[in-house]
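Here the structure comes first, spelled out in structure tokens, and everything after it is commentary.
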């Protein structure tokens, strides 16, 4: 049991770090290439409409704001990152935690792009893989790069939690 608790704690730290890497990468893209980052507040808006039975929108940007949507979005964003890291650690195994390698982490990060492209963007009214947005190619590339950065973050923070200070 003690080992499981340590695994969960390490996965949570890795998830927070990987999500932070995702966010820092998005800010880099914004300042270096003027690529607008994803609006995490829209995730909160989407989630806050769910208790009312609304899971899909024709265009979430035009839907009235909900109080606390940004806070809800950011909390959900980091909780999703922690959950994905836990899934990855469980799939990769304890050996990966001890001896992290970059390729499995990046591949997993890239695979996670399925969620925004095929669940969230359609639910927001943006179409499958952002097909209804003004610049679908940029939206897809941004999502792919951000999720690859998440994978890099999985690796980097696994390395960091193994350092002995």
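The values are calculated or read from the model by the stated rules, or taken from the named source; none is laboratory data. This structure is a prediction, so every number in the text was calculated from the model and none was measured. A quick note on method: Cβ atoms are made from the backbone with ideal geometry, for glycine too, and the neighbour counts reach across all protein chains shown.
Run residue 35 past the list (1) within 28 Å of residue 11 (Cα to Cα); (2) part of a loop (DSSP other than H, G, I, E, B); (3) at pLDDT below 95 and report the number of the one that doesn't hold.
(1)
Name the residue that is farthest from the chain's Cα centre (by Cα), counting only residues in the range 109-125 that are touching a residue at least 60 places away in the same chain (Cβ under 8 Å) and surrounded by 22 or more Cβ atoms within 10 Å (Cβ to Cβ).
124
Could you say whether any residue in the range 71-94 is modelled with pLDDT of 95 or more and assigned to a loop (DSSP other than H, G, I, E, B)?
no
Looking at the range 46-69, I want the residues that are more than 14 Å from residue 122 (Cβ to Cβ) and have a partner that is part of a loop (DSSP other than H, G, I, E, B) with Cβ atoms under 6 Å, at least 6 apart or on another chain. Which pairs are those?
Here the result reads 48/66; 63/57, each pair linking the range 46-69 to a residue that is part of a loop (DSSP other than H, G, I, E, B).
Quick check on the range 148-159. Is at least one of its residues more than 20 Å from residue 20 (Cβ to Cβ), surrounded by 21 or more Cβ atoms within 10 Å (Cβ to Cβ) and in contact (Cβ under 8 Å) with a residue 60 or more places away in the chain?
At the first step, the residues of the range 148-159 found to be more than 20 Å from residue 20 (Cβ to Cβ) are none.
No, the range 148-159 contains no residue that is more than 20 Å from residue 20 (Cβ to Cβ), surrounded by 21 or more Cβ atoms within 10 Å (Cβ to Cβ) and in contact (Cβ under 8 Å) with a residue 60 or more places away in the chain.
Out of all the residues in the range 127-144, which are touching a residue at least 60 places away in the same chain (Cβ under 8 Å) and surrounded by 18 or more Cβ atoms within 10 Å (Cβ to Cβ)?
Answer for the range 127-144, where residues must be touching a residue at least 60 places away in the same chain (Cβ under 8 Å) and surrounded by 18 or more Cβ atoms within 10 Å (Cβ to Cβ): 142, 143.
Between 100, 116, which is in contact with a helix residue (DSSP H, G or I) (Cβ under 9 Å, 6 or more places away or on another chain) and in a helix (DSSP H, G or I)? Working first, answer last.
Details: 100 fails: in a helix (DSSP H, G or I).
Criteria check complete, one pass: 116.
All but one of (1) within 28 Å of residue 10 (Cα to Cα); (2) at pLDDT below 95; (3) outside any helix (DSSP H, G or I) hold for residue 134, so report the exception by its number.
(1)
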